[in-house]
Amino acid sequence: ALITVFVLTALASGMGLVIETAKKVTWVAPVLGLVAGAIPWIIFAIYLIGSKVYGTGHEPVFIYWIYWTLLVLFASFAVNAFLTYKKRGKWSKYLHGERAYIMLAVVAQSALAWEIFAGTLR
């Protein structure tokens, strides 16, 4: 399962590279990247639900907080990409989209670090 998650995450990142280097934007790479990026989240949700249904584990509550906050934050990467390539509103300027990527990355990584730190202190 971890190898699958790793490969799909790498595939999603690879599709991002294809999008960045393409001369003309087609929607094949973004859709494949979105599907490949969504599958690890679904796999993780299946494991969480399975552990509750079958009673095999007792995950701490902060694991669920991590899952939902990072899911929302990483989904916002897809929204930012869509707005950047459609050139909607402020995203008509390429630099605005890039700044949004940087901020999203900082916020997502900081949120993960703080949630792990706070969760392990309990």
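The values are calculated or read from the model by the stated rules, or taken from the named source; none is laboratory data. Here the structure is a predicted model, which is why all the values come from computation and not from measurement. We place every Cβ from the backbone using ideal geometry, glycine too, and count neighbours over all the protein chains shown. Quick note on the areas: whole protein, heavy atoms, side chains included, nothing else; ligands and nucleic acids left out. Shrake-Rupley method; radii C 1.70, N 1.55, O 1.52, S 1.80 Å.
Just a few scattered comments:
- Scope the range 14-72; condition within 26 Å of residue 94 (Cα to Cα) and aromatic (Phe, Trp, Tyr); matching residues: 27
- Residue satisfying all of: in the range 19-65; aromatic (Phe, Trp, Tyr) and under 13 Å from residue 9 (Cβ atoms); most open to solvent (accessible area, probe 1.4 Å) among these: 44
- For the range 58-96, a tally of residues being out of contact with any Leu (no Cβ under 9 Å at 6 or more places or on another chain) and closer than 22 Å to residue 4 by Cα returns 4.
- Test result for residue 71, out of contact with any Lys or Arg (no Cβ under 8 Å at 6 or more places or on another chain), open to solvent by less than 50 Å² (accessible area, probe 1.4 Å) and under 30 Å from residue 118 (Cα atoms): yes
- Checking 39, 3, 63, 49 one by one, the residue that is among the β-branched types (Val, Ile, Thr) and in contact with a helix residue (DSSP H, G or I) (Cβ under 6 Å, 6 or more places away or on another chain) is 39 and no other.
- Test result for residue 99, at pLDDT 95 or above and open to solvent by 60 Å² or more (accessible area, probe 1.4 Å): yes
- All positions within the range 31-69 that are among the polar types (S, T, N, Q) and within 12 Å of the chain's Cα centre (by Cα): 69
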